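S.K.: I have a structure I would like to understand better, so I am pasting it below and will then ask my questions one at a time.
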Amino acid sequence: MKKPKPSPPAGITNPESLMMSYAYNPEWSEGALKCPIFQTSTFVFKNAEEGKAFFEIAYGLRKQGRHENLGLIYSRLNNPDLEILENRLSLWDGAESCTVFESGMAAIATTLMTYLKPGDTILHSDPLYGGTDYFIKHILTGLNIQVIGFNAGATKKEILQLVKKSNGKGKIKMLYIETPANPTNVMVDIGMCAEIAEQMSTSNNKVKLAVDNTFLGPLWQHPLKHGADLVIYSATKFIGGHSDVIAGACLGKKEDIQLVRAVRTFFGTMAGPWTGWLLMRSLETLKLRMTCQMKNAVQIADFLASHPKVEKVYFPGTIDPQDPQYEIYKKQCFSPGSMISFDLRGGEKEAFQFLNHLKLIKLAVSLGGTESLAEHPATMTHSDIDKKTQKKFGITDKMIRLSVGVENPNDIMDDLKTALGTIQ
């Protein structure tokens, strides 16, 4: 197989159309319509000169020629399934480059370790996904990397005041945000954070803005277009979308992703060919799935908001136009997505009673799959966060997180109604 190169048909620019064939030519693989799974650890060079040239580029021993490509060497460095997948994933976000990983946490950890070293500081939004929160606050701090957190709804002035107050913590190298926040759905203004990163940057210290875009996926929000340097996904979620593969991705400018990919090579956190193949399969239906899930979620959020046993609904589509969050939502989102959190009237007892009586909706963590899932953040995905901090972020014992699937919305609502009816 030749080195895959992007070759979109003339006049075809919509990502959902290009997901079927972009960057792959059936002639490379005996006419196979779909890209085969390249289950191999190593690749054969045509001659010694070619092998030498490939390694010179791979290890940065010389600059890559204008018409020269990094050839296939070893699947820890590159693999046809991964390269084609990375080309296709780049289309949704309008990114110059992409690198994929065997999990979302592998993408997050590798990216952060690329840009942070002992003595540096990371400024981040709160709350974050539980795994990210633990990695930043326990693993990074153990490496003498300082941490400054700010509430997801904070203003520019509040964030800058917090930075000023924490000035002794060291040089800020990265601003890391998750928007909407997990599990509260609080929006973080990406453009505002890009301004803050620019304001904190100097001629010899460019502060990188990284955005975890997992909750809205590559369809409903494009952080790079609002000033982000890097966008990160748990590709397990909407991109994979079938709850049968674990993966991650990081996208951005070519020079930034080259650095991340180099660290990925030596950490060995790259995705395998089977993972790459499964994600390519999923990309073909990404728009169909996410559109269906979003339409279902809009109906379900309205249903929950009107139910007497639901105290409050956290969903971008139900933000009051008078709320400052509404302006952020309208500015950077194409739709409200399909993640809903809501507070029940009661506490943990009522939340568990509700969860234990769901039938169609499964009690499981993760999100973005074709099936609807519900979980209890305070005791599950965010249980490592102490109760005082949970309360500060709005993660309470009465909160439920719901990932809406592609089932018939009436069936989902009937299941919710039945489970809510069991609460005394």
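A short reminder: the numbers here are calculations on the coordinates, not readings from a lab. None of the values given here were measured: they were computed from a predicted structure. Neighbour counts are summed over all protein chains in view; Cβ atoms, including those assigned to glycine, are modelled from backbone coordinates with ideal geometry.
S.K.: Tell me which residues come under 5 Å, amide H to amide H, from residue 124 once H is placed; ignore anything under 5 positions away on its chain.
M.R.: Distant-sequence amide H within range of residue 124: 148, 149, 150, 176.
S.K.: Arranged by the count of other C-beta atoms within 10 angstrom, fewest first, what order do 345, 289, 66, 264 take?
M.R.: Final ranking by Cβ density, sparse to dense: 66, 345, 289, 264.
S.K.: Taking the dipole about the Cα centre of the chain, with the C-beta of Lys and Arg at +1 and of Asp and Glu at -1, give me whichever of 215, 123, 29 is farthest to the positive side.
M.R.: Sorting the options by dipole projection puts first 123.
S.K.: For a Förster distance of 30 Å, can you work out the FRET efficiency between the beta-carbons of residue 386 and residue 311, rounded to the nearest 0.05? Let's see the in-between values first.
M.R.: Working: r = 23 Å, r/R0 = 0.78.
It comes to 0.80.
S.K.: Shifting gears a bit: Relative to the longest principal axis of the C-alpha atoms of the chain, give the angle of the C-alpha long axis of helix 48-58, reported between 0 and 90° and rounded to the nearest 10°.
M.R.: So the inclination is approximately 30 degrees.
S.K.: Along its three principal axes, how long is segment 46-159 when you only count alpha carbons? Whole Å, largest extent first please.
M.R.: 58, 32, 26
S.K.: How high is the FRET efficiency from residue 352 to residue 47, r the C-beta distance, R0 60 Å, rounded to 0.05?
M.R.: Between residue 352 and residue 47 the formula returns 0.35.
S.K.: Okay, moving on. Suppose each label sits 7 Å from its Cα in the direction of the beta carbon; what would the residue 295-residue 363 distance come out to in nanometres?
M.R.: 3.2 nm
S.K.: Restricting to the chain, what percent of DSSP beta bridges are antiparallel, rounded to 5?
M.R.: Bridges in the chain are about 55 percent antiparallel.
S.K.: Here's something else I'd like to know. Dipole of segment 366-421, Cα-centred, from +1 at each Lys and Arg C-beta and -1 at each Asp and Glu C-beta, to the nearest 20 debye?
M.R.: Dipole magnitude for segment 366-421 comes out near 520 debye.
S.K.: Given only helices, namely DSSP H runs of n ≥ 4 each adding -39500 (n - 2.57), what is the per-residue ellipticity at 222 nm of the chain, to the nearest 500 deg cm²/dmol?
M.R.: Rounded to the nearest 500, it is -11000 deg cm²/dmol.
S.K.: Take the Cα of residue 205, step 7 Å along the line toward its Cβ, and report every residue of segment 116-135 whose backbone nitrogen sits under 19 Å from that point.
M.R.: Taking a point 7 Å out along Cα→Cβ of residue 205, the residues of segment 116-135 whose backbone N falls under 19 Å are 116-125.
S.K.: Let me ask another. To make sure I understand, if each residue's beta carbon is the centre and we count other beta carbons within 10 Å, what order do 422, 381 fall in, fewest to most?
M.R.: Fewest to most other Cβ atoms nearby, the residues stand as 422, 381.
S.K.: Project the alpha carbons of segment 286-421 onto their principal axes and report the range along each, largest first, in whole Å.
M.R.: 35, 34, 28
S.K.: Step by step: find N for segment 320-369, compute 2.2 N^0.38 Å, then divide the Cα radius of gyration by it. What's the final number?
M.R.: 1.57
S.K.: Comparing 363, 251, 70, which has the greatest mean-square fluctuation in the GNM of the chain with Cα pairs linked when under 10 Å apart?
M.R.: Most flexible of the set in this elastic network: 70.
S.K.: Taking each pair of different alpha-carbon atoms in segment 98-252 once, compute 1/r for the pair, average those values, and report the inverse of that mean as the Kirkwood hydrodynamic radius in Å to one decimal.
M.R.: Final number for the Kirkwood radius of segment 98-252 is 15.5 Å.
S.K.: Ok, one more. How many angstrom lie between the Cα centre of segment 320-339 and the Cα centre of segment 239-257?
M.R.: With segment 320-339 and segment 239-257 each reduced to a Cα centre, they are spaced 24 Å.
S.K.: Right, something else. Segment 397-414 to segment 143-176: how many Å between their Cα centroids?
M.R.: 36 Å
S.K.: Using a 10 angstrom cutoff on alpha carbons, build the Gaussian network for the chain and name the most mobile of 107, 32, 301.
M.R.: 32
S.K.: Also: Separation between the residue 56 and residue 284 pseudo-spin-labels, each 7 Å from Cα along Cα→Cβ, expressed in nm?
M.R.: A separation of 4.0 nm, rounded to one decimal place.
S.K.: Would you work out the charge dipole size for the chain about its Cα centre, treating the Cβ of every Lys and Arg as +1 and the Cβ of every Asp and Glu as -1, and quote it to the nearest 20 debye? Before the final figure, lay out each step's value.
M.R.: Values: 47 positive and 44 negative charges, 198 e Å.
For the chain, the charge dipole is close to 940 debye.
S.K.: If you stretched the chain out fully between residue 379 and residue 323, how much longer would it get, using 0.36 nm times the residue separation minus the C-alpha to C-alpha distance?
M.R.: Values: separation 56, 0.36 × 56 = 20.16 nm, distance 2.94 nm.
Taking 0.36 nm per residue and subtracting the Cα distance, the gain is 17.2 nm.
S.K.: Right, another one. Arrange the following residues from fewest to most other Cβ atoms within 10 Å of their Cβ: 86, 375, 30, 102.
M.R.: 30, 102, 375, 86
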